Amino acid sequence: MTQTRSTNEKPLIRIRNLKKKFGNLEVIKDVNMDVYKGEVVVIIGSSGSGKSTLLRCVNHLEKPTGGEIYFNDTQINSPSTNLNEVRQNLGMVFQQFNLFNHMTVLKNLMCAPLSVKKDPVEVKKNALSLLEKVGLIDKKDEYPLMLSGGQQQRVAIARALAMNPQVMLFDEPTSALDPELIGEVLAVMKALANDGMTMMVVTHEMGFAREVADRICFMENGTIEEDGTPEYIFNSDNKRLRSFLNVLN
Ligand code: ADP
Ligand code: MG
């Protein structure tokens with residue numbers, strides 16, 4: 001690990017000895033990771049290496065079979081934890097947008113905050129300002145399926161932000177997009193990173209990783225094989241990492 005943090009700063013997310021099995025298949029094998037406030041951690045690795053499962057354990061869409069995950073001082077995978085409360089702090093964006101297609105764009109953003117009884121006037125104001133931020137204010141009354149994939153994904157990002165999360169989790173947010181639409185989504189993510197958002201991002205977009213990541217974690221077979229700055233990762237002589245990066249090029 002290449003941490004350059006002061007020793008008294010506590011990570012926002014702490015993953016300790018994380019294990020996840022599906023039946024007999026060991027998908028996550030003893031993963032340890034710290035994510036500090038404001039950090040952008042990009043997770044790379046070949047298909048099936050456990051990247052999605054790792055992210056999904058962080059917001060407990062998957063239940064770990066061993067180890068601990070902490071958000072601040074709350075252990076996420078403890079039976080006594082109020083999951084809904086913790087999840088409000090962990091916005092998630094998926095490869096397949098997962099928008100509510102029967103609701104307008106604006107309603108998509110307002111839905112979750114209203115469901116936890118936030119003030120409707122504030123909720124709407126915040127939703128409009130988020131749509132402004134992702135460049136889609138003129139689409140507020142459209143339905144998701146009327147939009148391009150890139151626009152839908154920007155709505156999905158704004159919707160996740162509407163709960164005012166402390167961390168954003170992205171699982172291959174641009175993998176389902178036509179090449180010409182990838183840039184607009186990465187630009188929104190980059191702006192978010194520049195605003196100081198703490199982010200965990202699974203992606204194959206190495207340009208984004210190089211430019212935006214504070215740290216890159218290379219996963220292989222359910223373990224974190226390398227963890228370091230972009231400079232470290234792109235110059236590493238780890239054979240498996242090199243061959244992974246070569247395949248992408
Ligand atoms: P990645 O996101 O790196 O492609 P995943 O975390 O999706 O990898 O998957 C890691 C491994 O776990 C794969 O072998 C996959 O088939 C398996 N897996 C993922 N989800 C499930 C599940 N719900 N049930 C059984 N096996 C699963
Ligand atoms: Mg995946």
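The values are calculated or read from the model by the stated rules, or taken from the named source; none is laboratory data. Keep in mind that this is a model prediction, so the values were computed, not measured. Note that we place each Cβ from the backbone using ideal geometry, even for glycine, and neighbour counts take in every protein chain shown. We work out accessible area using only protein heavy atoms, side chains counted, and drop any ligands, DNA or RNA first. Shrake-Rupley method; radii C 1.70, N 1.55, O 1.52, S 1.80 Å.
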Worksheet entry | Computed [θ] at 222 nm, deg cm²/dmol, the chain (DSSP H ≥ 4; -39,500 (n - 2.57); rounded to nearest 500) | -10500 deg cm²/dmol
Item to complete: Can you check what the net charge comes to around N89, using other residues whose Cβ is under 13 Å from the Cβ of N89 (Lys, Arg +1; Asp, Glu -1)?
Response: 0
Response to the item:
For L241, the net charge from surrounding residues (Cβ-Cβ under 13 Å; K, R +1; D, E -1) works out to -2
Item to complete: Whenever you get a sec, line up H204, H102 from highest to lowest accessible area (probe 1.4 Å, protein heavy atoms).
Response: H102, H204
Worksheet entry | Gaussian network model of the chain, springs between alpha carbon atoms under 10 Å - residue of S47, S236, S80 with greatest fluctuation | S80
Worksheet item: Counting Lys +1, Arg +1, Asp -1, Glu -1, what net charge surrounds I13 among other residues with beta carbon under 12 Å of its beta carbon?
Response: 0
Worksheet entry | Distance in nm between pseudo-label sites at K107 and T81 (7 Å out along the Cβ direction from Cα) | 3.3 nm
Response to the item:
Counting only DSSP beta bridges fully inside the chain, the antiparallel percentage to nearest 5 is 55 percent
Worksheet, complete the sentence: Toy charge model, Lys and Arg Cβ at +1, Asp and Glu Cβ at -1: region 1-112 dipole around Cα centroid in debye, rounded to 20, equals 160 debye
Item to complete: May I ask you to compute the full-extension gain from E180 to E211, defined as 0.36 nm times their residue separation minus their alpha-carbon distance, rounded to one decimal in nm?
Response: 9.2 nm
Worksheet item: Using a 1.4 Å probe on the protein chains only, how many percent of the accessible area of the chain belongs to carbon and sulfur?
Response: 47 percent
Worksheet item: Using 7 Å Cα-to-Cβ label points, what is the S115/K19 separation (nm, one decimal)?
Response: 3.4 nm
Worksheet entry | Contour minus Cα-Cα distance for D30 and F100 (0.36 nm per residue) | 21.6 nm
Worksheet item: Of K51/K124; K29/K63; K10/K124; K37/K139; K10/K118, which ones are farther than 23 Å apart at the Cα?
Response: K51/K124; K10/K124; K37/K139; K10/K118
Fill in: For R210, solvent-accessible area (1.4 Å; no DNA, RNA or ligand), Å²
140 Å²
Discussion item. For the chain, what does the accessible surface come to per residue with a 1.4 Å probe? Please give it in Å².
Written reply: 48 Å²
Worksheet item: So for the pair Q88, K239, with labels modelled 7 Å out along Cα→Cβ, what separation do we get in nm?
Response: 5.1 nm
Item to complete: Keeping every protein chain in place, order E231, E9, E132 by accessible area at 1.4 Å, biggest value first, i.e. largest first.
Response: E231, E132, E9
Worksheet entry | Reachable aspartates and glutamates from K190, criterion Cα separation under 18 angstrom, eight or more residues apart if same chain | E39, E132, D171, E172, E180, E205, E211, D214
Fill in: Paramagnetic reach from N249 (point 7 Å along Cα→Cβ, amide N under 12 Å) across region 226-243
234-236, 242-243
Discussion item. Ordering T229, T104, T65, T198 by accessible area with a probe of 1.4 Å, largest first, what comes out?
Written reply: T65, T229, T104, T198
